[in-house]
Amino acid sequence: ENEIKVRIGEVTTAHYKVTNMAAREITAQAGYNVSPPQVGGYFNKINCFCFTQQTMKPGETREMTVVFYVDPSIAKDSDQDDLNTITVAYTFYRSPNPEKPVAQVTQADIKSSKL
C-alpha cells in the first residue's frame, strides 16, 4: 500500500517493504521525514524500525513496521485546518561502525569503548 487512512489519535501500524539492493551485507539506520514539516510535532512513533540499526544481506527483502499516532491536539491547531495528507518517508544511512549484538561484544570491545 502506498497510502493508509488513519484517524487522529488512533494507534496505527504501517508496513514498509525494504530491499538491500547492494551486492554485500549492509548495516544501516533509517531516518525519517514528515511532510508538511509543520505537522512533524504531531506525528508520534511508538515503535519503529528506525530506532535500531538494521543489517540486511545482499538482495534481502524485509517488511519493517512503524507504530504511530497523530496527536489529537492537531485538531485544535487552526493552521492545520486544510490538512488532509501527511507523508512519512524513510531513508537508510549506512552505519560506519555497526553495533554488535550484546552476545558478540568482547572484552577488547569493552576496554576500547569510550563509556
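No lab work stands behind these numbers, since they all come straight from the coordinates. Model, not experiment: these values are computed from the prediction. Reconstructed Cβ throughout: ideal geometry from the backbone, glycine too, with neighbour counts over all protein chains shown.
Net charge around Tyr16, counting only other residues with Cβ within less than 15 Å of its Cβ (Lys, Arg = +1; Asp, Glu = -1)?
Numbers: positive: Lys17, Lys45, Arg62; negative: Glu1, Glu3, Glu60, Glu63.
Every neighbour counted, the sum reads -1.
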- Item | Net dipole in debye of the stretch 1-90 [+1 Lys, Arg Cβ; -1 Asp, Glu Cβ; about Cα centre; nearest 20] | 420
- Karplus-derived 3J(HN,Hα) from phi for the stretch 59-66 (6.51 cos²θ - 1.76 cosθ + 1.60, θ = phi - 60°), whole Hz, x at Gly and Pro, runs x, 5, 10, 9, 8, 10, 10, 10
